[in-house]
Amino acid sequence: MVSKAFQKSGFSLVAVEAQKNKSTIFQFRFDAYPKVEAKPMIFVSADELPDERKRCNPCFLRFAEIRNASEFEALPWMTQYELSALLVPAIDNAYATIESNGHRDPAWERFNYKRQWAGERNLFGNSFTGIEFSSLKEAVAGAYRNAGFIPVESLGGIRTPEDTLAFSFPVDPGKDGGAIYTLKFRRQYDADGRCHPCEITEQYDPYQQLPPAGLSGIASRATLESRFTAARSAAYEAMRADLERHLRPGSVFSIPPKQAPLGSPRPPPTPPIAT
């Protein structure tokens, strides 16, 4: 049943090895993506506890393991995305076939496999292709400036690197000093020097120490979180409107959830667990 299900889903059976502990290891190769020389090797383990008639009493089918997964982590990101979009649904389909066929057996008990493919997921953040990095960076910087963030050229006396945009969000309007907010760009390029892809990660500490409020700043502090949330949302919506056409095919624009309200007291460290 296992061999036929995976072969039906596009895998080639490489070997079936019976272990001394009554486990059987099925080895499959995924050949459906010709762009890579190394092929994903899938190992599926079945633990067998047969009765006197050599029927399962019970048998356990383990989740598939991509045995050489580390080889593919070094591939270009676009290649990883394309491969995952084929491989993971193929594994899901194989398990779905096993479940469908298994229900025909009166001895079938339960099957708790959950589909792993939930759509395209980016490695680092919103992912863009086909646009020059300088144009992408300029568009993102403009979205944040227009939303009320103030560009910062250096942090801690060190000039911000090319792959980072740094901003200060006004804590007390009209006064110097603000909350530090940065965006990290991770980049890979195509043959023409365009993003393939470029991905953006939001980086800021909601618990960061803010400038002293003073008597005149108490009212501003009371509205800090609502102002920051509105400005952040406005920046993301401007990015969406301007850059959505450059999103990596198959991906969608997303706004990451916030960790905590800006200006929150830092939570105490988690005490170590005694063993």
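Values in this text are rule-based calculations from the coordinates and carry no lab data. Because the structure is a prediction, the values reported are computed rather than measured. Counting neighbours? That spans all protein chains shown, and the Cβs are built from the backbone with ideal geometry, glycine included.
Taking each residue as 0.36 nm, the span from T182 to R62 lengthens on full extension beyond its C-alpha to C-alpha distance by 38.9 nm.
Put a dot 7 Å past the Cα of A241, heading toward its Cβ, do the same for K175, and the two dots end up 3.3 nm apart. Taking each DSSP H run with n ≥ 4 as -39500 (n - 2.57) and averaging over every residue of the chain yields -8500 deg cm²/dmol at 222 nm. Rounded to 0.05, the FRET efficiency of the K4 and V252 pair, given R0 = 35 Å and the Cβ-Cβ distance, is 0.50. Overall, segment 126-246 carries a charge dipole of about 240 debye about its Cα centre when +1 sits on the Cβ of Lys and Arg and -1 on the Cβ of Asp and Glu, all other atoms neutral. The distance between label points at A85 and A141 comes to 3.2 nm (points 7 Å beyond Cα on the Cα→Cβ vector).
The candidate values were (i) 21.7; (ii) 23.0; (iii) 21.0; the one computed from these coordinates for Kirkwood radius over Cα pairs in Å carries the label (ii).
Going by C-beta contacts inside 10 Å, put T97, T160 in order with the fewest on the left. Mind showing how you got there, number by number?
Values: T97 18, T160 14.
Least to most surrounded, the residues fall as T160, T97.
Once the Cα-Cα distance is subtracted from the 0.36 nm per residue extended length, the T164 to A222 segment shows a gain of 17.9 nm. Stretched out straight at 0.36 nm per residue, the stretch from Y207 to Q259 would grow longer than its current Cα-Cα span by 17.8 nm. Calculate how steeply helix 77-102 sits against the longest principal axis of the alpha-carbon atoms of the chain, using the helix alpha-carbon long axis, and give the answer as 0 to 90 degrees to the nearest 10. With both axes taken from Cα atoms, the answer is about 40 degrees.
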